[in-house]
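Structure first, commentary second.
The values are calculated or read from the model by the stated rules, or taken from the named source; none is laboratory data. Since this is a predicted model, take the numbers as computed values, not measurements. Using ideal geometry, Cβ is built from the backbone for each residue, glycine included, and neighbour counts are taken over all protein chains shown.
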2 protein chains.
Amino acid sequence: MATKLDQLKKRLRTVYCLREASALLSWDQETGMPPGAAGARAEQLSALSEAAHDLFVADETGELLEAAGQEVQDAESEDAHLVRRCRREYRRETRLPRELVAELAEATSRAQGVWARAKAQQDFSVFAPELTRVLDLTRQVAGCQGYDEHPYDALLEGYEPGMRTSRLRPLFEGLRGRLVDLVRRVGRGPQLDDAPLRQVFEVSRQREYVQRLAGTLGYDFDRGRIDQSEHPFCISMSTRDVRITNAFDEDFLGRSVFGTLHETGHALYEQGSPERFLHGPLEGGCSMGVHESQSRLWENLVGRGRPFWVHHYPGLVATFPQQLSRFSLDDFHRAINRVQPSLVRVEADEVTYNLHIMLRFELELALLEGSLQVREIPEAWNAAMQDYLGLVPPHDGLGCLQDVHWSLGLFGYFPTYTLGNLLAAQLWEKIQSDLPSLEEDLESGNLEGLRGWLGEKVHVWGARLTPEELTRQATGRDLEPEPFLAYLEKKFGALYPA
Amino acid sequence: MATKLDQLKKRLRTVYCLREASALLSWDQETGMPPGAAGARAEQLSALSEAAHDLFVADETGELLEAAGQEVQDAESEDAHLVRRCRREYRRETRLPRELVAELAEATSRAQGVWARAKAQQDFSVFAPELTRVLDLTRQVAGCQGYDEHPYDALLEGYEPGMRTSRLRPLFEGLRGRLVDLVRRVGRGPQLDDAPLRQVFEVSRQREYVQRLAGTLGYDFDRGRIDQSEHPFCISMSTRDVRITNAFDEDFLGRSVFGTLHETGHALYEQGSPERFLHGPLEGGCSMGVHESQSRLWENLVGRGRPFWVHHYPGLVATFPQQLSRFSLDDFHRAINRVQPSLVRVEADEVTYNLHIMLRFELELALLEGSLQVREIPEAWNAAMQDYLGLVPPHDGLGCLQDVHWSLGLFGYFPTYTLGNLLAAQLWEKIQSDLPSLEEDLESGNLEGLRGWLGEKVHVWGARLTPEELTRQATGRDLEPEPFLAYLEKKFGALYPA
């Protein structure tokens, strides 16, 4: 006789397999789907998501969850963590009326198209009515899911379990002043030259290089593959099949190299999930923020550090001798760390990036609270850009229309990028103290120690812990802005001497 | 208020979208899935198929079918055809107990592995116990689904709706004697030389050539893509996304060229399904046999005919001047029509191919009737090979273990290959009479008339008609062996003069 827990796992297995199938359909859509299939694909994705949803929110799941919870004795066991995580999701999904989910799907599908048009026309007013509708439905979603303090908490919970607005505010408050100061200080000195990266780099050679690079980091090609897409991403069809994509710019080497380091960071997390979590709620990462900590750690803490390139730069020069042999390691290190306030978030450097996020966080809060109206967004956006980065977008396309997120109803998502940056630095601080030879290891191309640490402290836990538990367990304390600020101030203090 | 028919269509839409997702997972499995994902993928496919099955066989589907059937007035309307086809499938699927489906899935999954091992070891006795089990379960399936005359009918019905053993027997009877005679006659004259095809042909150039060739036939790349796989196939994720694959042999040009013509024939049928059949039971082909008629028509009736190459051979020579410029069109035409009795079905020519099928059909019948025991298969196989083709396999790997079909429980499938060959010739005869300029059109590379005829008489009907209805409507009579035999005897009489 199967236990209730076994029955629950069996049921979840089907739900997760359906979600994994959706992931493959999405991967295909971005990498090679024939253009004429777009409409049919959207219908297939919606059918899959509906089928998985219906199976998951059925009363039977709730009853099994209840009974399984009583079977599990040890509250710290894997099974207890599974039940806890699943219960949380069950509560969230069952609280949403089917009609609201359908209305939101329909509204965001339309809004996405209008957003693309508005962006091309550089005119926010085209998008405003759609955004108003999406925002209204998002407020209803928050209301259905419930919250103790702030409606934004209900949205945050979808991406960063346990995170609260009241916790984010002081975290961000602690960053703002020192980041703005650092940006200004950097702006006063002589600028770093990124000429080494801005030459013509044959795409096929870039492709070969970054594929090798991903392998060097530990990406397992037996359980993954690398393709090309318009924007790079990582997607998991289970820990047995974690794919990444590259995007190339013939005139800028940074795009493929740092994109690959970033996506490989995500992929190592997914590939590091224990086999026994396959097709279940504990597989994969524990939150968007923790996931971003893994990509950012490899992209920035490792990949924009000098030690890593002590080992790797000669190979890069050998791949592009014509372009790079006249530049020293230090030239290259400076080039990849140029700080330059810019209008577009996805192109931002380590110092300015989080100011883009804060701006969005503040606008989202104000919109949700009703203190900001949709039509007022462009003005508020431009004022904040002037405040933080000293720049004003020439038009909305490079301003408040730059991101797709709001059209998709992804309010509450942006802060996880900054949480990832903070956690990456806090993990890095701990890794440096746990692995005294880290710097020499990186300089000699030995990544074993670093991979082992991340595997043991982060990857192997899958989605068992909350982000807060994982942070405490891995670093010994709660998430703080200080490690990140100290890292930036030290690194860029040296790169941009006063 | 939605009609019952609308509700039925909505429900079927989800079922078909799930099946289409399965198709994409299968496509990916054969074209680019990381090897380590195999086990997880099998589980995903099984979850998808279970979810689609559960949704389809639910009582609600039956009730909607019943009510929708009463709403539809005109028995010849599209909606009536939809209800008819769906009812038939509903009856078949609901008659199978869930446990039997699971047992068969498990048995065939195991049998497939054992079959591959037995084939490698060239030893049928390794496979016999597994085949016995699969056959036993297949008999149970036939019993559950029911039949009037012969248990084989219940299996046939799954691939060729309406086909009966009592109809197949005389069809095949009519073929056997004249085919064996033709094989013997051909064997007496001087052999044709296929040297033109057996040279080194650079694979990348083959790839470019056959992709262009598919486009020339009318394959729509906006709703499809061509990849490489071990064995070529065509798979449809809806009429908006019909993909084919190629396989290449550097030492044999015939493999990629005729593989492409074959799969493109399948693809044109799928791409020709009307848009309004999307995600429903009327989309795609009406049976395996009719599907095979489309692939064979392009591969053989068109693609091994002289007129087609009058137009295309110069382009092929231009692609491979070093290999082909010393061979004339007639040399090439003879090379692609060499008849040679061989042990392996998939390599067989137009004349011998159907003898391979008849052999399998007769063994399947005898197995199902109990007049042949599994352990007696090798002896029966070898005796029939001697009878039909004058050859005896040196071992079971090249004999009764050559096909994967039985390990998968696909009894009743083989005859559809021959039905396709017969129908292709019968359609061709009608096309020739309806399009007097066909030969000149082919010689000048004008495929409009042919494509138009097939579109109107076959493709646009999707799965509305039974194979029998379609055959009658398109050719004015029931399926007969005569057009096929006349075509072969005329063509190979000329190629192999007595």
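Would a scan of segment A:3-14 turn up a residue that is at the interface with chain B (Cβ under 9 Å from one of its Cβ atoms) and outside any loop (DSSP other than H, G, I, E, B)? First the steps, then the outcome.
Within segment A:3-14, the subset at the interface with chain B (Cβ under 9 Å from one of its Cβ atoms) is A:13-14.
Narrowing the set further to residues that are outside any loop (DSSP other than H, G, I, E, B) leaves A:13-14.
Yes, because at least one residue in segment A:3-14 is at the interface with chain B (Cβ under 9 Å from one of its Cβ atoms) and outside any loop (DSSP other than H, G, I, E, B).
Only residues that are of a type in the set (A, V, I, L, M, F, W, C) and either within 14 Å of A:E275 (Cα to Cα) or surrounded by fewer than 20 Cβ atoms within 10 Å (Cβ to Cβ) (or both): list them for segment A:218-232, please. Break it down stepwise before answering.
In the first step, residues of segment A:218-232 are kept if they are of a type in the set (A, V, I, L, M, F, W, C); the result is A:221, A:226.
Within segment A:218-232, A:F221 is the sole residue that qualifies.
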When every residue in segment A:424-440 that is touching a Leu at 6+ places or on another chain (Cβ under 6 Å) and within 21 Å of A:H312 (Cα to Cα) is compared, the one surrounded by the most Cβ atoms within 10 Å (Cβ to Cβ) is A:W428
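B:S342 - would you say it is under 21 Å from B:L182 (Cα atoms) and among the small types (G, A, S)? Before you say what the answer is, go through the steps one by one.
Numbers: under 21 Å from B:L182 (Cα atoms): yes; among the small types (G, A, S): yes.
The answer is yes for B:S342.
Would it be correct to say that A:G189 is touching a strand residue (DSSP E or B) at 6+ places or on another chain (Cβ under 8 Å) and closer than 27 Å to A:E489 by Cα?
Numbers: touching a strand residue (DSSP E or B) at 6+ places or on another chain (Cβ under 8 Å): no; closer than 27 Å to A:E489 by Cα: yes.
It is false that A:G189 is touching a strand residue (DSSP E or B) at 6+ places or on another chain (Cβ under 8 Å) and closer than 27 Å to A:E489 by Cα.
Only one of A:S26, A:S49 is more than 21 Å from A:T239 (Cβ to Cβ), more than 8 Å from every other protein chain (Cβ to nearest Cβ), in contact (Cβ under 8 Å) with a residue 12 or more places away in the chain and polar (S, T, N, Q). Can you tell me which?
Values: A:S26 fails: more than 21 Å from A:T239 (Cβ to Cβ).
Being more than 21 Å from A:T239 (Cβ to Cβ), more than 8 Å from every other protein chain (Cβ to nearest Cβ), in contact (Cβ under 8 Å) with a residue 12 or more places away in the chain and polar (S, T, N, Q) holds for just one of A:S26, A:S49, which is A:S49.
Residue by residue, here is whether (1) out of contact with any Gly (no Cβ under 7 Å at 6 or more places or on another chain); (2) closer than 15 Å to A:C400 by Cα holds:
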site: A:W298; (1), (2): no, no
site: A:F308; (1), (2): yes, no
site: A:T319; (1), (2): yes, no
site: A:Q322; (1), (2): yes, no
site: A:F327; (1), (2): yes, no
site: A:I336; (1), (2): no, no
site: A:A348; (1), (2): yes, no
site: A:R360; (1), (2): yes, yes
*Answer yes if at least one residue in segment B:207-215 is surrounded by fewer than 20 Cβ atoms within 10 Å (Cβ to Cβ), within 14 Å of chain A (Cβ to nearest Cβ) and more than 23 Å from A:L25 (Cβ to Cβ), and no otherwise.*
yes
Out of (1) under 18 Å from B:L423 (Cβ atoms); (2) part of a loop (DSSP other than H, G, I, E, B); (3) in contact with a helix residue (DSSP H, G or I) (Cβ under 7 Å, 6 or more places away or on another chain), the one B:R304 does not meet is (3)
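Of these, B:A366, B:A424, B:A380, which one is without any contact (Cβ under 8 Å) to a residue 60 or more places away in the chain, closer than 25 Å to B:R184 by Cα and in a helix (DSSP H, G or I)?
Values: B:A366 fails: closer than 25 Å to B:R184 by Cα; B:A424 fails: without any contact (Cβ under 8 Å) to a residue 60 or more places away in the chain.
On inspection, the qualifying residue turns out to be B:A380.
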A:Y388 fails exactly one of (1) touching a His at 6+ places or on another chain (Cβ under 9 Å); (2) assigned to a loop (DSSP other than H, G, I, E, B), namely (2)
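Checking the structure you have, find out if any residue of segment A:273-294 is surrounded by 18 or more Cβ atoms within 10 Å (Cβ to Cβ) and among the basic types (K, R). Reasoning before the result, please.
Quick first cut of segment A:273-294, residues surrounded by 18 or more Cβ atoms within 10 Å (Cβ to Cβ) only: A:273, A:277-294.
Now drop any that are not among the basic types (K, R), which leaves none.
Within segment A:273-294, none of the residues are surrounded by 18 or more Cβ atoms within 10 Å (Cβ to Cβ) and among the basic types (K, R).
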Those residues of segment B:394-416 that are surrounded by fewer than 20 Cβ atoms within 10 Å (Cβ to Cβ) and either in contact with a Cys (Cβ under 8 Å, 6 or more places away or on another chain) or among the hydroxyl-bearing types (S, T, Y) (or both) come to a total of 0
Given the conditions (1) modelled with pLDDT under 95; (2) closer than 30 Å to B:V290 by Cβ; (3) touching a Phe, Trp or Tyr at 6+ places or on another chain (Cβ under 7 Å), every one holds for B:V114 apart from (2)
Selection over segment A:61-81 where residues are in contact with a helix residue (DSSP H, G or I) (Cβ under 7 Å, 6 or more places away or on another chain) and surrounded by 12 or more Cβ atoms within 10 Å (Cβ to Cβ) yields a count of 10
Checked pairs for segment B:329-357, first free of Cβ contacts under 8 Å to residues at least 40 places away in the same chain and surrounded by fewer than 20 Cβ atoms within 10 Å (Cβ to Cβ), second hydroxyl-bearing (S, T, Y) and assigned to a helix (DSSP H, G or I), C-beta under 6 Å and 6 or more apart or across chains, list as B:L329/B:Y313
Matching residues in segment B:402-456 (more than 30 Å from B:E106 (Cβ to Cβ) and either of a type in the set (K, R) or at pLDDT below 95 (or both)) number 2
Of A:Q112, A:Q140, A:Q122, the only residue that is outside the structural domain of A:T245 (by TED's automatic domain parsing) and under 24 Å from the mean Cα position of the chain (by Cα) is A:Q112
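In segment A:1-17, what residues are within 15 Å of B:L45 (Cβ to Cβ) and touching a Leu at 6+ places or on another chain (Cβ under 8 Å)? Working first, answer last.
Let us first name the residues in segment A:1-17 that are within 15 Å of B:L45 (Cβ to Cβ), namely A:13-14, A:16-17.
Listed by number, the residues that qualify are A:T14, A:C17.
Only one residue in A:T94, A:T61 is assigned to a helix (DSSP H, G or I), free of Cβ contacts under 8 Å to residues at least 40 places away in the same chain and within 23 Å of A:T466 (Cα to Cα). Which one? Please lay out each step first, then the result.
Details: A:T61 fails: free of Cβ contacts under 8 Å to residues at least 40 places away in the same chain.
So the residue among A:T94, A:T61 that is assigned to a helix (DSSP H, G or I), free of Cβ contacts under 8 Å to residues at least 40 places away in the same chain and within 23 Å of A:T466 (Cα to Cα) is A:T94.
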Picking from A:E43, A:E66, the residue that is free of Cβ contacts under 8 Å to residues at least 24 places away in the same chain, more than 14 Å from chain B (Cβ to nearest Cβ) and among the charged types (D, E, K, R) would be A:E66
When every residue in segment B:472-494 that is without any contact (Cβ under 8 Å) to a residue 60 or more places away in the chain and under 15 Å from B:C286 (Cβ atoms) is compared, the one surrounded by the fewest Cβ atoms within 10 Å (Cβ to Cβ) is B:Q473
Expected single match for assigned by TED's automatic domain parsing to the domain that holds B:G452 and in contact with a strand residue (DSSP E or B) (Cβ under 8 Å, 6 or more places away or on another chain) among B:G280, B:G284 is B:G284
Quick check: is even one residue across segment B:233-253 closer than 28 Å to B:F201 by Cβ, within 14 Å of chain A (Cβ to nearest Cβ), buried (at least 23 other Cβ atoms within 10 Å of the Cβ) and free of Cβ contacts under 8 Å to residues at least 60 places away in the same chain?
-> yes
